Amino acid sequence: MTQNQNNHGKLNQFQPNITQIIRSEHKDNVYIKSILQSESNSICKQFLPTRQWIQYQSYIDDITKFVYYLLTTVSGKQTLGEEYGHIICIDHRYRSIPSIWKRLTLAILYSFPKRLLNFASKIMIKNDDDSRMMIEENLQFLIESIGNINLAIFFIQNRYPDFLKRCLSIGYLSTTATSKSSPTTDSNQLSLKILSILTIIPVILSFYSKFIRTILINRRKKHSNNKKHSINTIDKQSINETKVMDDNRTQRKCPLCFQSLYQQQRNPTLLFCGHIFCWNCLSDWLMMIRTSSERKDECPLCKMKIFDTKQFVLLHNL
C-alpha cells in the first residue's frame, strides 16, 4: 500500500458522523439565539429607549452573530458547537484549514443573509418597490429550496451541511477516530435515505405551487391588459382619488419602528384605543412590559390599558 493510500485511509477514518455535524450546528444555533442574542438585547434595552431598541433589534441580533463567528471561525478557532461535536472546519479542495477569506465570507453570509438579499434586490431594481419586493421573495424562495436540496444530499453524502459551505468547499473532519462500521453509516443508511426523500418532496411541491401561481398571475395580467385596451374613456377624477388613497396608504408607518405598514409581512394590528402598530413591534412591546416589574399591558402611545389580547384587530386591507 502506497503512502497516498495510507493518507487517504487516515482521512476517511476521521470523517465525522452525520450526528456529530448535526449536533454541532444545533449547539451553535441554540447558543447564539438563547444566550448571546438574548444577553445583547437585554444590555441594549437598558441603554436605548424602547422605540429605538425595537427598531434596531434585528441589527443587534445580526451584529452579535457576526461577532461570535469573528471570534471563532474567522480567527481560526473552533466554535462552541464544533468543540461539542469534536469536529474542525477543513477545506475539502486542499485538505487544509480554510483560508481567512473563505472564513470571513462564511461569517458574513451566515450573519447578514436578509440584509444581503435586500441589497441584491435593490441593485437589480432601483425605483420599483413592488418589483423589488417580488424579486426579494423569489430569491428567498430559491435560496430556501436550494438549501433543502443540499440538506437532502447531505443526508446521503454526509459532507456539506448547508449550501454556503458547499459553495466554499468547507467541510468537517472529526478530531476523534470514527469507524466505518458505526451505526450511523451502516444500520441507519436506509433511514437517512428516507429522510432525504422526505426533504425533497416539499421542495418539489413548492416549485409546482410556485409554477402554477406564476401562470395564474400571468393570465390575470393578460386579462387585465385586454380590459384596459377595450376602455376608451377613463374618469380622471377617479384616478386621482385612487392615487391619493394609495399615497396615504403607503405613508402609514408604525409609531414604534417607523416602517411602512403597507409592506408585506408587517401585519398591521389595531388596538381598542384606535392606534395601529405592526404585529412584531406590538408583541415585542407586550413581552417587554410583562417581563418588567410593572407588568402593565397598555398601549405604547396613549397608555390605555389592554384588558384582553382578543381585542386586537388584524387589518388585512389597510
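Among the candidates 121, 96, which residue alone is over 21 Å from the mean Cα position of the chain (by Cα) and among the small types (Gly, Ala, Ser)? Result: 96 is the single residue among 121, 96 that is over 21 Å from the mean Cα position of the chain (by Cα) and among the small types (Gly, Ala, Ser). Restricting 103, 132 to those that are of a type in the set (Lys, Arg), surrounded by 15 or more Cβ atoms within 10 Å (Cβ to Cβ) and either within 26 Å of residue 280 (Cα to Cα) or within 13 Å of the chain's Cα centre (by Cα) (or both) reduces the list to 132. Would you confirm whether or not segment 83-92 contains a residue that is more than 25 Å from residue 176 (Cα to Cα), surrounded by 18 or more Cβ atoms within 10 Å (Cβ to Cβ) and out of contact with any Phe, Trp or Tyr (no Cβ under 6 Å at 6 or more places or on another chain)? No, segment 83-92 has no match at all. Restricting attention to segment 57-78, the residues that are polar (S, T, N, Q), out of contact with any strand residue (DSSP E or B) (no Cβ under 9 Å at 6 or more places or on another chain) and closer than 14 Å to residue 28 by Cβ total 2. Annotation for segment 49-61: at least one member residue is in contact with a helix residue (DSSP H, G or I) (Cβ under 8 Å, 6 or more places away or on another chain), closer than 25 Å to residue 22 by Cβ and surrounded by 17 or more Cβ atoms within 10 Å (Cβ to Cβ). For segment 62-76, enumerate the residues that are exposed (fewer than 13 other Cβ atoms within 10 Å of the Cβ) and of a type outside the set (S, T, N, Q). 71, 76, listed by residue number. The condition (being outside any strand (DSSP E or B), under 30 Å from residue 211 (Cα atoms), modelled with pLDDT of 90 or more and hydrophobic (A, V, I, L, M, F, W, C)) is satisfied by just one residue among 164, 142, 106: 164.
Of the residues that make up segment 9-27, is at least one closer than 24 Å to residue 116 by Cα and crowded, with 19+ Cβ neighbours inside 10 Å? No, segment 9-27 contains no residue that is closer than 24 Å to residue 116 by Cα and crowded, with 19+ Cβ neighbours inside 10 Å. It is to be established whether one or more residues within segment 79-94 are free of Cβ contacts under 8 Å to residues at least 24 places away in the same chain and under 20 Å from residue 175 (Cβ atoms). Yes, because at least one residue in segment 79-94 is free of Cβ contacts under 8 Å to residues at least 24 places away in the same chain and under 20 Å from residue 175 (Cβ atoms).
Checked against the criterion of being in the same structural domain as residue 131 (by TED's automatic domain parsing), at pLDDT 65 or above and farther than 21 Å from residue 81 by Cβ, segment 182-189 contains one or more residues that satisfy it.
For the residues 192, 173, the requirement of being part of a helix (DSSP H, G or I), under 15 Å from residue 15 (Cβ atoms) and either touching a helix residue (DSSP H, G or I) at 6+ places or on another chain (Cβ under 7 Å) or modelled with pLDDT of 80 or more (or both) singles out 192. Residue count for segment 38-90, restricted to those that are assigned to a loop (DSSP other than H, G, I, E, B), modelled with pLDDT of 90 or more and within 22 Å of the chain's Cα centre (by Cα): 1.
The values are calculated or read from the model by the stated rules, or taken from the named source; none is laboratory data. Worth saying up front: this structure is predicted, and the values here are computed from it rather than measured. Note: ideal-geometry Cβ built from the backbone for every residue, glycine included; neighbour counts use all protein chains shown.
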